[in-house]
Amino acid sequence: IKPEPPLYPAEEIYGIFESDPARPYDTREIIARIVDGSRFDEYKSEYGMLKLKSDPTFDPGSAEVKPGAEAALQKLATIANGAEAAKFHIYAAGHTDDIPLKLPDTVAKHGSNWGLSLHRAGAVVKILATAGVEQRRLGAAGFSMYHPVAPNQPGRKGNPLNRRVELWIVPPDRLLTE
């Protein structure tokens, strides 16, 4: 799989954070602290993307964010609410593995992996909005099982790495909609 080109060069995104010598912190350092020892699996600066760890974030078949992951999202909201970051948008992209939903309650709530992936992204957006990130800066999308980052096990046994939410930090001139 060939990597997609960056949505926005990291130097341009983070260059604005380094322009004010009176600022008491470096946003890149804060993001590094969020990633290090938190519920974020990784940060890809070339894409402006944070990836939440799969298993600690959601129970299988659930769109309810676990408390540890919610704390990491609160830290991200703190950064997103800062004056330097206020012009950027955050898109949550939900993903699932290839295990079909089976439990009647889960099917009733989500319908399919499409619905589950979208509901997971929506749950993350709701936490960010509740933490004060302006809703006009947020977006959610569900990708079901169709963009795996690791092979699913044969026989529809899935892979926890594919049960994830990615957060894309996007500048205003790169919006997905007008």
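Within the stretch 117-165, the set of residues being under 19 Å from Lys87 (Cα atoms) and surrounded by fewer than 14 Cβ atoms within 10 Å (Cβ to Cβ) comprises Thr130, Gly132, Glu134, Gln135, Arg136.
Mind checking which residues of the stretch 62-76 are part of a loop (DSSP other than H, G, I, E, B) and surrounded by 19 or more Cβ atoms within 10 Å (Cβ to Cβ)? Of everything in the stretch 62-76, those that are part of a loop (DSSP other than H, G, I, E, B) and surrounded by 19 or more Cβ atoms within 10 Å (Cβ to Cβ) turn out to be Ala63, Val65.
Just so you know, in the stretch 77-97 the residues that are open to solvent by less than 10 Å² (accessible area, probe 1.4 Å) and assigned to a helix (DSSP H, G or I) include one that is modelled with the lowest pLDDT, and it is Ala80.
Does Glu70 satisfy being in contact (Cβ under 8 Å) with a residue 24 or more places away in the chain and over 14 Å from Leu128 (Cα atoms)? No; evaluated as a whole, the condition is false for this residue.
The selection criterion, being farther than 20 Å from Pro172 by Cβ and of a type in the set (S, T, N, Q), does not hold for Gln135.
Residue-level check: of (1) in contact (Cβ under 8 Å) with a residue 24 or more places away in the chain; (2) at positive phi, Gly111 misses just (1). Per the conditions (1) closer than 20 Å to Leu50 by Cβ; (2) open to solvent by 40 Å² or more (accessible area, probe 1.4 Å); (3) free of Cβ contacts under 8 Å to residues at least 40 places away in the same chain, the sole criterion not satisfied by Asp105 is (1).
Answer with yes or no whether Gly122 is under 15 Å from the mean Cα position of the chain (by Cα) and part of a helix (DSSP H, G or I). Here the answer is yes, as Gly122 does meet what is asked.
The values are calculated or read from the model by the stated rules, or taken from the named source; none is laboratory data. Keep in mind that this is a model prediction, so the values were computed, not measured. Please note: Cβ atoms are built from the backbone with ideal geometry, for glycine as well, and neighbour counts cover all protein chains shown. Please note that ligands, DNA and RNA were not included when accessible areas were found on the heavy atoms of the full protein model with its side chains. Shrake-Rupley method; radii C 1.70, N 1.55, O 1.52, S 1.80 Å.
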